[in-house]
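This report concerns only the one structure given below.
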């Protein structure tokens, strides 16, 4: 049989009465009287309510009011008086913020910062500018000077177009081709065609004749290469 092991019981430690008594002092050690303690003027709790009241006090526009409710004795009047005393009545240096159109991205307007009061003047100036432009621009377009300049520009570019077309037609003639107009649906389109016996002929027609043995395949290939270079 296994020998029995004796259990050693540890004697508990004795505590004094002072060790069992714990005191907490919330007052400073050098405080002799509560008369020397400054009262707590801050509102304890109700952080959202305080923020809402402070926001309302900063609103300078007419027609805005602050409504405070709560059970009697909860410090409503004291809180309002305290917040009013803390309010800085000196007007801050505010700026006017104006948004103008962003022509590159209409969903992201440009922001312009002006001194207080200049934003309203800027708005009036822009309204006057727009009104003046709406009156002045139609008059400019109806003036004889504008019509003369417009006609000169039209004649100049018509002459350039005529020269370009003439040079291109000369190039076609030298290559044995001609520009013809073909009905396409409801409109007309231009097409380059070779001259065969002084008559224009489409490449589709010549290709068909080549398959029938009525037109030289070598000649058709030559015309096709010229046609590609002229396009």
Flag for residue 176 being within 30 Å of residue 99 (Cα to Cα) and touching a residue at least 12 places away in the same chain (Cβ under 8 Å): no
Given (1) under 30 Å from residue 48 (Cβ atoms); (2) surrounded by 11 or more Cβ atoms within 10 Å (Cβ to Cβ); (3) out of contact with any helix residue (DSSP H, G or I) (no Cβ under 7 Å at 6 or more places or on another chain), index of the condition residue 119 fails: (1)
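Read-outs throughout are calculated quantities, based only on the coordinates presented, and are distinct from any laboratory measurement. Nothing here was measured: the structure is a model prediction, and the numbers come from that model. Using ideal geometry, Cβ is built from the backbone for each residue, glycine included, and neighbour counts are taken over all protein chains shown.
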